[in-house]
Amino acid sequence: MNQHRDASDPTPADQREVLYRNLDTEHRRLAEAEAVARKMLAGHEPDLTSLADSVDDERQSYEQLTASNDRLRGELNWDHVDLDAALTPTQLEVLDTWRRSRRLQWSTADLAVVGLAGVVGVMASVLDDHLDAQMRQLLGRLKQTDLLRGWEADARRMPIDYTGPNFGGPDHRVRSAGHDLGRPLSALRQIRDGRFRGIVWSDGVRTVFATEPGRYVPVDALGEALTLWGKHLVADFVTPMSLPLPGWTWLYELPDRDVRKFAHAVYHGSELGGGLNLRSGGLNPMLSFLSTEMIVRTHVHARTYRRTGSPRLSSQEAALCTELLLAGHAVVGAACLGRALLAAFAGEGPLALRHVNLAVLVRVGFLAARVRADALDRAALRPTSWDDLLACAAAPWQLDDAARIDAEVEIAA
């Protein structure tokens, strides 16, 4: 059966206004009573006119209470409703904090921006091979500049570039800790000592290999060694083989031969420079990472600037920006994982790891943690529910002493 609301029935908005007036009136009545009590305690003669007008000895229904309060408001010119006046400074501070932390709902424009960021990021993931080829050409031209040629000449004949037995070949950098950005102490030690050090495994036996003293010129000053190492890495980065990912050379030093073969095969790739390295696994994925960040952040900050005249985000807007970034990066992360899975099934095997956008996946993890923390903060600031307030108000009357007093009153009556 369909129920139709009568035109004379109050709307929810009307009911809220009535409730607000009643709460404001009761607060004013209590404030008047407290003011009279303070004057009497101070020994002054209080004015009981307004207090007498607000006293009603009869029990009233909610409708009768509303009518009585509205009549009293008219007589005393209480035309302004100020519920915040009933709160203490501490309560007002908690209320303001809660208002500033409330979650903003996504708009249609937010959905469109997330979709755009996802499309751009997915296209970058799908076309990562093409992007890597273009990046190799660009870096190849950069290598021909006078600056890079000068750096390459300055950092030539360094111990980290040793290519003797067990450490040679076009992919020798995966066997050299000196080419690993994640192992700077090992690299600087070799440069300052003038001796290459590496790990050789033979029939399960680990041997530390070191070149003889005097083969390379030691560099005593730490600053000079650091400068030469930086120049050498930049000059190697722009080559087709680029550099191993940070920490990747550790894999080549582990006792498991299959792991060492895996590390070598993934870095080498199916063709020269086609494997997983700092360019293909670090620089290229940053394109989709940065595109999502740029699109979402530009949208959020521009909207805030149009509304307030400042690009500075409030806590609510910052939380919304985090949600939008999480959604955009999650789409790109899912696309790159799907791309890697399809490539693995298509025959690339372990080399399919080069399609995984590690930067995006790490960013998704941090953003998810931030969104969860924001949700917990909002939950901690959420006002007490009506059920909890009722339980708190009713608790004293459910005590055993209250029941006994009630019984005594009934007997006395």
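The values are calculated or read from the model by the stated rules, or taken from the named source; none is laboratory data. Everything quoted here is computed from the prediction, not taken from an experiment. Counting neighbours? That spans all protein chains shown, and the Cβs are built from the backbone with ideal geometry, glycine included.
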Requested in this report: Taking residue 155 as the residue in question, decide whether it is of a type in the set (Gly, Ala, Ser), within 30 Å of residue 216 (Cα to Cα), surrounded by 15 or more Cβ atoms within 10 Å (Cβ to Cβ) and at pLDDT below 90.
Outcome: yes
Report task. Search the stretch 356-376 for residues being of a type outside the set (A, V, I, L, M, F, W, C) and modelled with pLDDT of 90 or more, and hand back the single one that is nearest to residue 322 (Cα to Cα). Result -> 370
Report task. Take the stretch 308-322 and flag every residue that is closer than 12 Å to residue 104 by Cβ and without any contact (Cβ under 8 Å) to a residue 24 or more places away in the chain. Result -> 313, 318
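Per-residue answers, yes or no, for (1) surrounded by 13 or more Cβ atoms within 10 Å (Cβ to Cβ); (2) modelled with pLDDT of 80 or more; (3) not in a loop (DSSP other than H, G, I, E, B):
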residue: 2; (1), (2), (3): no, no, no
residue: 6; (1), (2), (3): no, no, no
residue: 32; (1), (2), (3): yes, no, yes
residue: 47; (1), (2), (3): no, no, no
residue: 50; (1), (2), (3): yes, no, yes
residue: 68; (1), (2), (3): yes, yes, yes
residue: 100; (1), (2), (3): no, no, yes
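Here's the yes/no breakdown for (1) surrounded by 19 or more Cβ atoms within 10 Å (Cβ to Cβ); (2) touching a residue at least 60 places away in the same chain (Cβ under 8 Å); (3) out of contact with any helix residue (DSSP H, G or I) (no Cβ under 8 Å at 6 or more places or on another chain); (4) not charged (D, E, K, R):
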| position | (1), (2), (3), (4) |
| --- | --- |
| 223 | no, no, yes, yes |
| 230 | no, no, yes, yes |
| 236 | yes, yes, no, no |
| 240 | no, yes, no, yes |
| 243 | yes, yes, no, yes |
| 248 | yes, yes, no, yes |
| 258 | no, no, yes, no |
| 263 | yes, yes, no, yes |
| 266 | yes, yes, no, yes |
Query raised in the report: Considering 307, 279, 303, which residue is of a type in the set (Lys, Arg), out of contact with any strand residue (DSSP E or B) (no Cβ under 8 Å at 6 or more places or on another chain) and modelled with pLDDT of 90 or more?
Result: 303
Report summary line: Only one of (1) assigned to a loop (DSSP other than H, G, I, E, B); (2) within 20 Å of residue 246 (Cβ to Cβ) does not apply to residue 187, and that is (1)
Requested in this report: Taking the options 292, 304, name whichever one is in contact with a Pro (Cβ under 8 Å, 6 or more places away or on another chain) and either aliphatic (A, V, I, L, M) or not in a loop (DSSP other than H, G, I, E, B) (or both).
Outcome: 304
Query - Criterion (closer than 16 Å to residue 105 by Cβ and either aromatic (Phe, Trp, Tyr) or touching a helix residue (DSSP H, G or I) at 6+ places or on another chain (Cβ under 9 Å) (or both)) met by exactly one of 344, 327, 352, 335 - result: 327
